[in-house]
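Asker: The following block contains the structure, expressed as structure tokens.
The values are calculated or read from the model by the stated rules, or taken from the named source; none is laboratory data. In this text, all values refer to a predicted model and were calculated from it rather than measured experimentally. Virtual Cβ from ideal backbone geometry, glycine too; neighbours counted across all protein chains shown.
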Amino acid sequence: MNETVRVAAVQAEPVWLDLDATTDKTIDLMREASESGAQLIAFPETWIPGYPVFLWSHSVFEQMDFVARYRANSMSIDSDQIRKIREAASQYSISVVLGFSEKDGGSLYMAQIIIDETGEIVLHRRKLKPTHVERTLFGESDGSGIKVVDTALGRIGALNCFEHLQPLTKYAMYTQNQQIHVAGWPCLGVMGDVPALSPETIMACSQTYALEGGTFVITATQIMSDEGAMAFPTVGGKPSPVYTGGGGYARAYGPDSTLLTEPLDPATEGLVFADLDFGAIEAAKLTLDPAGHYSRPDVTALLFDNRPQAPVVQTQKLPQASWHEENLSSSALDTEPTPIDM
């Protein structure tokens, strides 16, 4: 494992609702990051095929055509597009944290994968609970995606968007001794005037994660241009009514909450780079380690179920003795309840 890691955070506009074109742009950004010495590149939430802005700006009736196009331009984990990105990761010897709309059967999920420098997928996760109107398009996940993985670059994990406002989800991540966290955010150029959704609030969430978790946090965001706003026109042919412009806030924060990167203009596409010295984690946790010496498990503790869940369990794969046979036997049913001292 390297003691110092060079990372790149993406601040760019997807080719809205275009799977193949955004895949090509993804690979171009990977090459650019690698040529600048980056060992890891972080992409925004639902980077491919772009965040579904129409969910917030159009009535349900008006969304139908957008939903069909969005589904058609989402990708499965075994798609040709994922294969191309994996091959590029190997070619450029760069690890990738990618946010995308995942198609699995008849459902969509807000997914993230971590691809290592050899092109192997070392983590595949989905957003635990989509936010507000996102739930009309995307399905939920389970606790198996709240996970930090060992890589050649260190212990890496990722969350999407408002998962950074779920205190228990964050705490489950903090307990896994993260060193690099990727915060995937959508286009911040929409509804930026709403305080809870403003770039300032979102960056504060990212910075807080770094401080609480004692980890480096890399934030990646989409931007939206005037032309991009026309990808989601109103019935009258006007730009998306929630468009507020720009929205680029690619950053890197240190484990003591220090901003490590020079911000780009919010309307400018590009990459920001940071060199991460893991010694800073040790120093930060001497002061504050909420999942370690600064915890009080005798007072508060987290119940965390990280088992994968499935909607169907095939009975032939269950043990021969069923749960009912083992636990509801006649002897068990005849047992007197044990009194509880009050």
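Asker: For Arg155, which of the numbered conditions (1) part of a strand (DSSP E or B); (2) of a type outside the set (Asp, Glu); (3) touching a strand residue (DSSP E or B) at 6+ places or on another chain (Cβ under 6 Å) fails to hold?
Answerer: Looking at each condition in turn, Arg155 falls short on (3).
Asker: I'd like to check something: does the range 173-189 contain any residue that is under 22 Å from Ala291 (Cβ atoms), modelled with pLDDT of 95 or more and part of a helix (DSSP H, G or I)?
Answerer: yes
Asker: In contact with a Lys or Arg (Cβ under 8 Å, 6 or more places away or on another chain) and surrounded by fewer than 16 Cβ atoms within 10 Å (Cβ to Cβ): which single residue out of Arg71, Arg83 fits that description? Step through it out loud before you land on a result.
Answerer: Values: Arg83 fails: in contact with a Lys or Arg (Cβ under 8 Å, 6 or more places away or on another chain).
It is Arg71.
Asker: Taking the condition part of a strand (DSSP E or B) and surrounded by fewer than 19 Cβ atoms within 10 Å (Cβ to Cβ), does Val122 pass? So that I can check it myself, show each step before the final result.
Answerer: Details: part of a strand (DSSP E or B): yes; surrounded by fewer than 19 Cβ atoms within 10 Å (Cβ to Cβ): yes.
It is true that Val122 is part of a strand (DSSP E or B) and surrounded by fewer than 19 Cβ atoms within 10 Å (Cβ to Cβ).
Asker: Assuming Thr244 fulfils every condition listed in (1) modelled with pLDDT under 95; (2) within 27 Å of Ile27 (Cα to Cα) apart from one, which condition is it?
Answerer: Of (1) modelled with pLDDT under 95; (2) within 27 Å of Ile27 (Cα to Cα), only one is false for Thr244: (2).
Asker: Of the residues Ala204, Ala210, only one is more than 29 Å from Ser59 (Cα to Cα), free of Cβ contacts under 8 Å to residues at least 24 places away in the same chain, under 18 Å from the mean Cα position of the chain (by Cα) and in a helix (DSSP H, G or I); which?
Answerer: Values: Ala210 fails: free of Cβ contacts under 8 Å to residues at least 24 places away in the same chain.
Exactly one residue qualifies, and that residue is Ala204.
Asker: Moving on. Is it the case that Ala283 is modelled with pLDDT of 85 or more and either surrounded by 10 or more Cβ atoms within 10 Å (Cβ to Cβ) or of a type in the set (A, V, I, L, M, F, W, C) (or both)? Working first, answer last.
Answerer: Details: modelled with pLDDT of 85 or more: yes; either surrounded by 10 or more Cβ atoms within 10 Å (Cβ to Cβ) or of a type in the set (A, V, I, L, M, F, W, C) (or both): yes.
Against the criterion (modelled with pLDDT of 85 or more and either surrounded by 10 or more Cβ atoms within 10 Å (Cβ to Cβ) or of a type in the set (A, V, I, L, M, F, W, C) (or both)), Ala283 qualifies.
Asker: A further question follows. If we scan the range 310-317, do we find a residue that is polar (S, T, N, Q), at pLDDT below 95 and in a loop (DSSP other than H, G, I, E, B)?
Answerer: Filtering the range 310-317 down to residues polar (S, T, N, Q) leaves 314-316.
Still in the list and also at pLDDT below 95: 314-316.
Subset that is in a loop (DSSP other than H, G, I, E, B): 314.
Yes, because at least one residue in the range 310-317 is polar (S, T, N, Q), at pLDDT below 95 and in a loop (DSSP other than H, G, I, E, B).
Asker: Check whether at least one residue in the range 192-201 is within 13 Å of Glu13 (Cα to Cα), charged (D, E, K, R) and assigned to a loop (DSSP other than H, G, I, E, B), and report yes or no. Step through it out loud before you land on a result.
Answerer: We begin by selecting, within the range 192-201, every residue within 13 Å of Glu13 (Cα to Cα); these are none.
Scanning the range 192-201 turns up no residue that is within 13 Å of Glu13 (Cα to Cα), charged (D, E, K, R) and assigned to a loop (DSSP other than H, G, I, E, B).
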